[in-house]
Amino acid sequence: MNEAATTAIRIEKTQQSRLGEVDYDNLKFGQVFADHMLVAEYANGHWEDVSIVPYGNLSLSPATSALHYGQAIFEGLKAYKFDNGAVSIFRPDQNHARFNKSALRLEMPEVPEEVFIGGLKALIGLDRDWVPQTAGASLYIRPFMIGTEAALGVHPSDSYKFIIITGPVGAYYNKPLRLKVETRFTRAAEGGVGFSKNAGNYALSLHPTRLAQDEGFDQLMWTDAKEHKYVEEAGTANLVFRVGDTIITPSADTILHGITRRTIIEIARHWGYQAEERKVSVRELVDGIKNGSVTEAFAAGTAATLTPISEIGYEGQIYTLPDPDEREFSNKVLRYLNDLRYGRIADEFGWNFMVD
Ligand code: PLP
Ligand code: COI
């Protein structure tokens, strides 16, 4: 299925850039889109046409399979502008690998490196002026793939579109989060699709999240499907805790294997912290908050970056974490990550992919 290189990327530039209309001082998440998008077509068993065209609407049959049976997967990553104007994409190889894992689970074709990474570099190279230089801002990149066959039988689509859109963004969350431990609804069960980044995982989260928001929470802390005893992740990010001097993140195939979380664990180990990926029970967490051994908790994700968790609601009780300003590891790792992504310190791990 994983066909080798396609033909070169065809480029059709926009006649009229929209860049001048963007208010870079008031960027919200995911509302403004750059001038161009990449579109690749899969048919007859291979990727046949890869082009960069002006950002615009798609034309699809109402019978498009993704709209009915949900063959729809995506990724999220970011490009940053250094002080000297250079542009880098953060760890796109990891997103490419995860995208193909999602594709496999949903019986969709893999996207070859020339299209995914080559396409990213070509697209962001063309729209490099869209990458913000304002503090805390970046260019969010959304690669996605949908089944496009116009047929209502339940079977894998025989054609797909792989598309990359981008847009300048600010913070996804602008304050510490209040999370509710979800003990009724389930995000993912063993053997299911929790590890894959598919549209359905987000659709199913909307109603339970709305109910929690009605109670004053920002997001859910999902738990395991069987017993609702073990912490999994938040709906848009992974979770990381500091227990004593150990950095801990839940591990399971029912959660998305986040690249931010992995990055933070790798940095923690490099700094000499003990870092563990393991099961974390809600009881361990709330008892630790009560007795003072859990001193830090945050959501980690591309959109979320590192967002402190201020409160956790569980079985009608609220557990309050220490003041975010006083969290040594969270603040240190966020500062380090920002310095690395904006090119202010040496990239000792080789995580910045420079765009020509
Ligand atoms: N979990 C979910 C459900 C997500 O949507 C995301 C965001 O991509 C994450 C975790 C964090 O993953 P990453 O750090 O790769 O962005
Ligand atoms: C991301 O962090 O890239 C995500 O995909 C999270 C969310 C916006 C769905």
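Placing +1 on the Cβ of every Lys and Arg and -1 on the Cβ of every Asp and Glu, with no other charges, gives the chain a dipole of roughly 380 debye about its Cα centre.
Considering all C-alpha pairs of the range 275-337, those separated by over 14 Å amount to 62%. Quantify, in whole percent, the carbon and sulfur part of the accessible surface of the range 10-169 (1.4 Å probe; protein heavy atoms only). Of the solvent-accessible surface of the range 10-169, carbon and sulfur hold 49 percent.
From most to least packed by mean Cβ count within 10 Å, the peptides 102-110, 324-332 give 102-110, 324-332.
Summarised as an ellipsoid, the chain has semi-axes of 34, 25, 18 Å, derived from the eigenvalues of the Cα gyration tensor scaled by 5 and square-rooted, with the largest first. A Förster radius of 25 Å combined with the Cβ-Cβ distance from Tyr336 to Leu19 puts the calculated FRET efficiency at roughly 0.20.
For the range 10-169, a simple Cβ point-charge model (Lys and Arg +1, Asp and Glu -1, everything else neutral) yields a dipole of about 360 debye relative to the Cα centre. Peptides 297-307, 130-140, 246-256, 183-193, ordered by how many other C-beta atoms sit within 10 Å of their residues on average, highest first, read 297-307, 246-256, 130-140, 183-193. Between Glu107 and His270, the simple spin-label model (points 7 angstrom out along Cα→Cβ) gives 4.2 nm. In vacuum, with every alpha carbon of the range 46-196 counted as one equal point scatterer, what does the Debye formula give for log10 I(q)/I(0) at q = 0.14, 0.16, 0.21 Å⁻¹? Two decimals, please. Here the Debye-derived log intensity ratios amount to -0.84, -1.03, -1.33.
Counting every alpha-carbon pair across the range 125-241, the share separated by more than 26 Å comes to 41%.
Considering helices alone, the calculated mean residue ellipticity of the chain at 222 nm is -7500 deg cm²/dmol, with DSSP H runs of length four and up weighted by -39500 (n - 2.57) and normalised per residue. A quarter of the convex hull surface defined by the alpha-carbon atoms of the range 102-149 gives 4.7 nm² as the mean projection. Taking 4 °C and 1.567 mPa s as conditions, the range 177-341 diffuses translationally at an estimated 82 µm²/s according to Stokes-Einstein applied to its Kirkwood radius (Cα pairs).
Neighbours of Gly350, meaning other residues whose beta-carbon lies under 11 angstrom from its beta-carbon, give a summed charge of -2 when Lys and Arg score +1 and Asp and Glu score -1.
The values are calculated or read from the model by the stated rules, or taken from the named source; none is laboratory data. Keep in mind that this is a model prediction, so the values were computed, not measured. We place every Cβ from the backbone using ideal geometry, glycine too, and count neighbours over all the protein chains shown. All accessible areas refer to the heavy atoms of the entire protein, side chains included, with ligands and DNA or RNA removed. Shrake-Rupley method; radii C 1.70, N 1.55, O 1.52, S 1.80 Å.
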